[in-house]
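Below is one structure; the comments refer to it alone.
Readers should treat all values here as calculations from the given coordinates under stated rules, not as data from a laboratory. The model shown is predicted, which means the values in this text are computed figures rather than measured ones. Virtual Cβ from ideal backbone geometry, glycine too; neighbours counted across all protein chains shown.
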Amino acid sequence: MDKLEFKERYLDSIKKGTIDLEFIFLIIEEEIKKNNLEEYIRKITYYEETGNCLGTYDSESKTINIDPKLLNVQSYNMENHIVNNVQNIFSKLLNTIYHEIIHAKQEKMFHKYNSYYCKLHDFKNLDKEQLDELVIIHSLGITLRHSEKDYDNLHNLFPCEREANFLAAYKVTNLECEYDLYTKKEELEKLKYLTKILVADYKKNILGRIECPFEKLLNNKMNKEIVDFIVGNKLDNYQRFIYGLPIDREYFDEIISLKNFPKQLVLKQTRLEDLEKILTKKNK
Ligand SMILES: [Zn+2]
């Protein structure tokens with residue numbers, strides 16, 4: 001499916017007011033191919049109600065399940081009192097799909113960790129890229145050191161969920177901006193929303209210190225050496241934000257100012273790329 005076909009099918013689904021299941025399947029298939037996820041996504045189902053999260057990825061059976069209510073535009077509209085807003089539901093559906101695909105990618109990274117990094121006893125010879133990857137793997141692995149109950153309660157604090165939440169929303173917003181589906185005002189709202197996801201669960205305390213989501217996950221089951229390794233990492237600020245790790249105050253203030261008053265964005269009459277530029281600015 002080339003870019004043009006993607007766009008046509010996308011806009012067609014919205015115009016017709018129905019979700020094109022074949023198109024959904026093609027999107028997933030394409031992501032599987034692009035990321036070599038054949039072994040990590042074997043089945044896509046649409047039968048299980050999944051509550052608020054609208055989708056699940058089961059790493060045992062390698063199955064992505066999409067909540068069927070997302071596929072039924074009419075009943076979803078009635079249930080959520082959204083009238084005539086196929087685009088909104090379609091966004092949610094795509095967001096759910098990309099979110100679950102990101103979980104499959106994370107699973108693939110773990111696999112690599114098990115077969116490669118755990119055989120290493122000395123990290124001195126790793127280059128920057130490998131070290132970054134190792135930090136990310138350890139961050140994502142935090143999930144494994146919590147119970148299922150914890151997981152439900154602390155859900156959005158986990159690096160794997162933060163990554164899936166942000167990257168999926170980012171991808172969908174990017175597509176929709178590209179297809180001119182938003183007015184200028186809506187586009188800004190979307191940018192604000194993306195920034196909001198990024199800063200979720202970060203807080204500046206009275207003393208001006210930035211509290212991060214990662215701190216709230218620390219428990220006595222976690223190896224201190226690994227925690228130190230994660231915190232003392234050399235990931236850039238953008239990546240640290242995604243995983244909920246400690247962040248520079250200056251950078252935090254810059255992002256927060258975007259959330260509350262996206263003046264820079266308005267003044268420059270800019271689009272997503274500018275947000276991207278600010279986000280990916282390397283550490284000073
Ligand atoms: Zn998730």
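With 10 angstrom as the radius, rank Ser257, Ser147, Ser139 by how many other C-beta atoms surround their C-beta, starting from the fewest. Exposure proxy ranking, most exposed first: Ser147, Ser257, Ser139.
Which FRET efficiency value, to the nearest 0.05, do you get for Lys234 and Lys108 by plugging their Cβ-Cβ distance into 1/(1 + (r/R0)^6) with R0 = 35 Å? The computed FRET efficiency comes out at 0.90. Extending 7 Å from Cα along the Cβ direction at Tyr117 and again at Tyr46 yields two label points whose distance is 3.7 nm.
Determine, from the Cβ-Cβ distance of Glu29 and Leu188 and an R0 of 35 Å, the FRET efficiency 1/(1 + (r/R0)^6), rounded to the nearest 0.05. Each step should come with its number before you reach the end.
Values: r = 34 Å, r/R0 = 0.96.
Step by step, r from the Cβ atoms, then E = 0.55.
Taking amide H as placed 1.01 Å from N in the peptide plane, Lys204 has its amide H under 5 Å from the amide H of Glu211, each at least 5 places away in sequence or on another chain.
At most 16 other Cβ atoms within 10 Å and a DSSP loop assignment: could you name the trypsin sites (Lys or Arg not before Pro) in region 116-214 that fit?
Lys124, Arg209
Model label sites at Asp201 and Cys53, defined 7 Å from Cα along the beta-carbon direction, differ in position by 1.2 nm. Ranked by Cβ crowding within 10 angstrom, fewest neighbours first, how are Cys212, Cys177 ordered? Going from least to most buried by this count: Cys177, Cys212. For Gly55, the amide hydrogen comes within under 5 Å of the amide hydrogens of Asp67, counting only partners 5 or more places away or on other chains and with H modelled in the peptide plane.
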